[in-house]
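Chemist: Below is a structure I'd like to ask you about.
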Amino acid sequence: MLTIHSKLVSAMITQALNDHPIETCGIIAGPAGSNLPLRLIPMRNAAQAENFFIFDPQQQLQVWKEMSARREEPVVIYHSHTNSQAYPSRSDVELATEPQAHYVIIPTYHLYNEEIRSFRIVDQMVIEERVRIVQQYQPELELQMVA
Amino acid sequence: MPITVIIPTILRPLTNQQKHINLEGNQVSEIIDHMEQQYPGIKEKLVTGGNAHRFINIYVNDNDIRFQDGLATSLRDGDVLTILPAVAGG
């Protein structure tokens, strides 16, 4: 199950709608092993395509180094589907490389009730999971959204 | 001083879960060959047809080897070679 703050969900959806019809993408980092998404980082889609995304390699290096220094990991990896349902595509499955991550898909063609879906993708197997959207985390935890 | 190689999560099952490996080598391709000797199976995850896989990013320090000499990119003592699978999909 993915437990995620509603502000992070809103931020992902806003970004996806702004980028539509280009696919949007990004991560939400959290403390390693915590399973808690805290720090949202929109990534540049180097493909700038309607049916493909790839993180800009230079930005990815910087973001991954920063996570490593902060002892974080990508808790959520998100992207949008601009003209298909919110289910991992064949390339989503083939290229998934973070077995501990929640792969979130935001459909921007038919966004009913702000519904996002989340999946684990391990060894090319897709398992859908429940998304629990909460209004607050424990008070000492601080959300961060990187512009 | 050797080259430090940073191994991504997905490849750590091949490196006994090691996150950093120190190896000697003058070129990226030599480092990959030396890794293959110690950790068989890793090369095919990184290289195809004499080039780095399209969806594998390799950096020397902060520089993507695609914009240098690819696998022939030269290395100096103390360089850090980072391997990161691209995050991509459709």
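Read the figures in this text as sums done on the coordinates, not as results from a lab. Predicted model only: the values in this text are computed from it and were never measured. Backbone-built Cβ (ideal geometry, glycine too); neighbour counts: all protein chains shown.
Chemist: Limited to the stretch A:83-111, what total is found for residues that are part of a loop (DSSP other than H, G, I, E, B) and either closer than 17 Å to A:Q60 by Cβ or facing chain B (nearest Cβ under 9 Å) (or both)? Explain how you work it out, then say what you get.
Modeler: Taking the stretch A:83-111 as the starting set, the residues that turn out to be part of a loop (DSSP other than H, G, I, E, B) are A:83-89, A:95-101, A:108-111.
Narrowing the set further to residues that are either closer than 17 Å to A:Q60 by Cβ or facing chain B (nearest Cβ under 9 Å) (or both) leaves A:84, A:88-89, A:95-101.
So the answer is 10.
Chemist: Taking the condition of being farther than 23 Å from A:V63 by Cα and part of a strand (DSSP E or B), how many residues in the stretch A:123-147 meet it? Steps first, answer last, please.
Modeler: Looking only at the stretch A:123-147, we keep the residues that are farther than 23 Å from A:V63 by Cα, and these are A:123-140.
Those left that are additionally part of a strand (DSSP E or B): A:125-129, A:131-134.
Qualifying residue count, the stretch A:123-147: 9.
Chemist: Would you be able to tell me the number of residues in the stretch B:12-48 that are over 19 Å from B:L75 (Cβ atoms) and in contact with a Ser or Thr (Cβ under 9 Å, 6 or more places away or on another chain)?
Modeler: 1
Here's the yes/no breakdown for (1) in contact (Cβ under 8 Å) with a residue 12 or more places away in the chain; (2) surrounded by 17 or more Cβ atoms within 10 Å (Cβ to Cβ); (3) not polar (S, T, N, Q):
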{"position": "A:Q60", "(1), (2), (3)": "yes, yes, no"}
{"position": "A:R70", "(1), (2), (3)": "yes, no, yes"}
{"position": "A:V76", "(1), (2), (3)": "yes, yes, yes"}
{"position": "A:S91", "(1), (2), (3)": "yes, no, no"}
{"position": "A:A96", "(1), (2), (3)": "yes, yes, yes"}
{"position": "A:I106", "(1), (2), (3)": "yes, yes, yes"}
{"position": "A:V131", "(1), (2), (3)": "yes, no, yes"}
{"position": "A:Q135", "(1), (2), (3)": "yes, no, no"}
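Chemist: Name every residue in the stretch A:26-42 that is small (G, A, S) and closer than 12 Å to A:Q144 by Cα, in order of residue number.
Modeler: Here is the first cut: in the stretch A:26-42, the ones small (G, A, S) are A:26, A:29-30, A:32-34.
Listed by number, the residues that qualify are A:A29, A:G30.
Chemist: For the stretch A:39-51: of the residues being surrounded by fewer than 19 Cβ atoms within 10 Å (Cβ to Cβ) and within 8 Å of another protein chain (Cβ to nearest Cβ), which is farthest from A:I121 (Cα to Cα)?
Modeler: If we take residues in the stretch A:39-51 being surrounded by fewer than 19 Cβ atoms within 10 Å (Cβ to Cβ) and within 8 Å of another protein chain (Cβ to nearest Cβ), then A:A47 is farthest from A:I121 (Cα to Cα).
Chemist: Might you let me know whether the stretch B:24-47 holds any residue that is assigned to a loop (DSSP other than H, G, I, E, B), farther than 28 Å from A:P42 by Cβ and under 11 Å from the mean Cα position of the chain (by Cα)? Walk me through how you get there before you give the answer.
Modeler: Here is the first cut: in the stretch B:24-47, the ones assigned to a loop (DSSP other than H, G, I, E, B) are B:24-26, B:39-42.
When the remaining residues are screened for being farther than 28 Å from A:P42 by Cβ, the result is B:24-26, B:39-42.
With the extra rule that they be under 11 Å from the mean Cα position of the chain (by Cα), the set shrinks to B:42.
The answer is yes, given that some residue of the stretch B:24-47 is assigned to a loop (DSSP other than H, G, I, E, B), farther than 28 Å from A:P42 by Cβ and under 11 Å from the mean Cα position of the chain (by Cα).
Chemist: Right, something else. Where residues in the stretch A:11-26 are free of Cβ contacts under 8 Å to residues at least 60 places away in the same chain and within 19 Å of A:A96 (Cα to Cα), which of them is surrounded by the most Cβ atoms within 10 Å (Cβ to Cβ)? Don't jump to the end; show me each part of the working.
Modeler: Start the filter on the stretch A:11-26 by keeping residues that are free of Cβ contacts under 8 Å to residues at least 60 places away in the same chain, which leaves A:14-15, A:18, A:23, A:25-26.
Still in the running and within 19 Å of A:A96 (Cα to Cα): A:23, A:25-26.
Values: A:E23: 25, A:C25: 28, A:G26: 26.
My answer is A:C25.
Chemist: Within the group A:S34, A:S80, which residue is more than 8 Å from every other protein chain (Cβ to nearest Cβ), in contact with a Cys (Cβ under 8 Å, 6 or more places away or on another chain) and either surrounded by fewer than 22 Cβ atoms within 10 Å (Cβ to Cβ) or in a strand (DSSP E or B) (or both)?
Modeler: Values: A:S34 fails: in contact with a Cys (Cβ under 8 Å, 6 or more places away or on another chain).
Of A:S34, A:S80, the one residue that is more than 8 Å from every other protein chain (Cβ to nearest Cβ), in contact with a Cys (Cβ under 8 Å, 6 or more places away or on another chain) and either surrounded by fewer than 22 Cβ atoms within 10 Å (Cβ to Cβ) or in a strand (DSSP E or B) (or both) is A:S80.
Chemist: So, one more: If we keep just the residues of the stretch B:47-74 that are away from every other protein chain (no Cβ under 13 Å) and under 20 Å from B:N22 (Cβ atoms), which is surrounded by the most Cβ atoms within 10 Å (Cβ to Cβ)?
Modeler: Here the answer is B:T73.
Chemist: When residues of the stretch B:8-30 are filtered for being crowded, with 16+ Cβ neighbours inside 10 Å, under 20 Å from A:E98 (Cα atoms) and more than 14 Å from chain A (Cβ to nearest Cβ), how many remain?
Modeler: So the count comes out to 1.
Chemist: Could you run through the stretch A:1-31 and say how many residues are in a helix (DSSP H, G or I) and of a type outside the set (A, V, I, L, M, F, W, C)? Even if it seems obvious, please write down each step before you answer.
Modeler: We begin by selecting, within the stretch A:1-31, every residue in a helix (DSSP H, G or I); these are A:6-19.
Of the ones still in play, those that are also of a type outside the set (A, V, I, L, M, F, W, C) are A:6-7, A:10, A:14-15, A:18-19.
The qualifying residues number 7.
Chemist: Hey, does the stretch A:12-24 have a residue that's in contact with a Phe, Trp or Tyr (Cβ under 8 Å, 6 or more places away or on another chain), of a type in the set (D, E) and within 12 Å of chain B (Cβ to nearest Cβ)?
Modeler: Yes, that holds for at least one residue.
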